[in-house]
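Novice: Structure below; questions to follow.
Read the figures in this text as sums done on the coordinates, not as results from a lab. Only a predicted model underlies this, so the values are computations on that prediction, with no experimental measurement involved. Note that we place each Cβ from the backbone using ideal geometry, even for glycine, and neighbour counts take in every protein chain shown.
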Amino acid sequence: MSSIYPEDPRERTRWILEKRPNWDERRQRLSQNPPVNWLLEEEPDAAHTPIAALTIFLTNRECPWRCLMCDLWQYTTLESLPMGSVPVQIDRVLNQALPWPSSGVSRHLKLYNAGSFFDRRAIPPADHSTIAERCRAFERVIVECHPSLIGDEVWRFRDRLGGGTALEVAMGLETANPEVLAKLNKGLDLEGFERAAERLRRHGVDLRVFVLVKPPFVSDHDAVTWAVRSVDWSFELGATVVTVIPTRLGNGALDALMAAGEFSPPNIDLLEAAFAECLAVARGRGRVLADVWNLELFCSGQSDDSTRRKARLHRVNLSQKWQ
């Protein structure tokens, strides 16, 4: 059966962009007054003790890759923001969120920018020193990055943090299925991901991995198997945390595939089944977390059901034991 998705990798970016909703005007407004979103949450540390994690969602230019499943571009700007914009965004959040929490509780900071922290067109390297100064109030800072950008800028930023703040880099593996990964248009293969993970390990930077539950071109029947294989391989590469994320609609491209009968998002039962088996395969090698953002999209029941399922997944995230 022929697919609406191009077989030629060179045509895939064009096809993905054509399917996007036209939100250029909205994204242009983001440049004028970058919104600052943040949340305070709990997750387990290596000893499975709950820690407080502040996540700041930074606004800046979209990353250069056009991944098939990505919807984060809608929170990015069309052009790079001027130097100094990102530190201002961080300060605005810290002024609202701190002081927190009570003394004696570990504090982590996530700087997520809907792209790659070490993309020079998104986060100017000239801002790294100022950003590092803000991060030193935390025990650990976690940033996102495409594996292709793991290099000297990462080690320089680590050094700017000083000895009191650990650096952790989150990378999207998405899936260890090589054929599916190639179709996701990430500009990445398994060998490239492994090389990036090895560089992080060699330089003493912790690795967090994102894995999709039921990415495009994976059936319901195979979804749990590939989620487990992907999590297992991530730990083999030295990951300390793996987050499993249900693949969601809304970016245009996946909606087009769904309309053609070539994709369907996972439901909550599939996510829970994958999460339970991924916890088992972790076997003390690290932590597995289920992403609960917009969980109601995957629940077909009433709102109280999604609330209950979300609360359950949160408890399992903290305990690392399927309940």
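Novice: Take each of the peptides 4-13, 174-183, average the number of other beta-carbon atoms within 10 Å over its residues, and list them starting from the highest.
Specialist: Working: 4-13: 13.0, 174-183: 18.7.
Result, highest mean first: 174-183, 4-13.
Novice: Give 214/310; 183/321; 186/321 a once-over and call out the pairs whose C-alpha atoms are over 30 Å from each other.
Specialist: On the way: 214/310 19 Å; 183/321 34 Å; 186/321 32 Å.
Violating the 30 Å limit, Cα to Cα: 183/321; 186/321.
Novice: Out of residues 5 or more away from residue 51 or on other chains, whose amide H comes under 5 Å of its own, with H placed 1.01 Å from N in the peptide plane?
Specialist: 43, 45
Novice: Compute a Gaussian network model of the chain, connecting alpha carbons closer than 10 Å, and tell me which residue from 20, 285, 202 fluctuates the most.
Specialist: Fluctuation is largest for 202.
Novice: Where is the GNM fluctuation largest for the chain (alpha-carbon springs, 10 angstrom cutoff): 282, 239, 259?
Specialist: Result for the chain, Cα springs under 10 Å: 259 fluctuates most.
Novice: Go through the cysteines of the chain and tell me which have no other cysteine Cβ under 4.7 Å away.
Specialist: If one checks each Cβ against the other cysteines of the chain, 63, 135, 145, 278, 299 turn up with nothing under 4.7 Å.
Novice: Sticking with this one: Wrap a convex hull around the Cα atoms of segment 9-319, take a quarter of its surface area, and give that in square nanometres. Let's see the in-between values first.
Specialist: Details: hull surface 62.8 nm².
The orientation-averaged projected area of the Cα hull of segment 9-319 comes to 15.7 nm².
Novice: Hey, what did the chain get for relative contact order, percent, Cα under 8 Å, at least 6 apart?
Specialist: Values: 570 pairs, mean separation 50.8, N = 323.
Value for the chain: 16 percent.
Novice: Kindly list the residues of segment 260-297 that lie in the label zone of residue 321, defined by a backbone N under 19 Å from the point 7 Å along the Cα-to-C-beta vector.
Specialist: Backbone N within reach: 275-290.
Novice: Still on this structure: For residue 26, put the label point 7 Å out on the Cα→Cβ axis and report which residues of segment 51-95 keep their amide N under 15 Å from it.
Specialist: The answer is 71-78, whose backbone nitrogens lie closer than 15 Å to the label point.
Novice: If you don't mind, there's one more thing I want to ask. So what J values fall out for segment 12-26 if you push phi through Karplus, 6.51 cos²θ - 1.76 cosθ + 1.60 with θ = phi - 60°, rounded to Hz, Gly and Pro as x?
Specialist: 5, 4, 4, 5, 4, 5, 5, 7, 5, x, 7, 10, 4, 5, 5
Novice: Could you tell me which of 95, 31, 109 has its Cα farthest along the dipole of the chain towards the positive end, charges placed at Cβ (Lys, Arg +1; Asp, Glu -1), taken about the Cα centre?
Specialist: Farthest towards the positive end: 95.
Novice: Dipole magnitude of segment 9-319 about its Cα centre, charges +1 at Lys/Arg Cβ and -1 at Asp/Glu Cβ only, in debye to the nearest 20? All intermediate terms of the calculation are to be shown ahead of the outcome.
Specialist: Values: 39 positive and 41 negative charges, 116 e Å.
Using Cβ point charges on Lys, Arg, Asp and Glu, segment 9-319 gives about 560 debye.
Novice: Please give, to one decimal in nm, the separation of the simple spin-label points placed at residue 267 and residue 136, each 7 Å out from Cα toward the Cβ.
Specialist: Those two pseudo-labels are separated by 5.3 nm.
Novice: By count of other Cβ within 10 Å, fewest leading, how are 31, 3 ordered? Intermediate values should be presented prior to the final figure.
Specialist: Numbers: 31 18, 3 11.
Ascending Cβ contact count within 10 Å gives the list 3, 31.
Novice: 7 Å from Cα along Cα→Cβ at both residue 8 and residue 107: what's the point-to-point distance in nm?
Specialist: It is 5.4 nm.
Novice: Okay, moving on. With n ≥ 4 as the cut-off for DSSP H runs, can you work out [θ] at 222 nm for the chain, using -39500 (n - 2.57) per run divided by the number of residues, rounded to the nearest 500? Don't skip to the answer; put the middle values down first.
Specialist: Working: 11 runs with 126 residues, N = 323.
Estimated from H runs of four or more residues: -12000 deg cm²/dmol.
Novice: Still on this structure, I have one more. Expressed in nm to one decimal, what extension gain is obtained for the pair residue 79 and residue 95 from 0.36 nm per residue of sequence separation less their Cα-Cα distance? Don't skip to the end; give the middle numbers.
Specialist: On the way: separation 16, 0.36 × 16 = 5.76 nm, distance 2.68 nm.
Contour length minus the Cα-Cα distance gives 3.1 nm.
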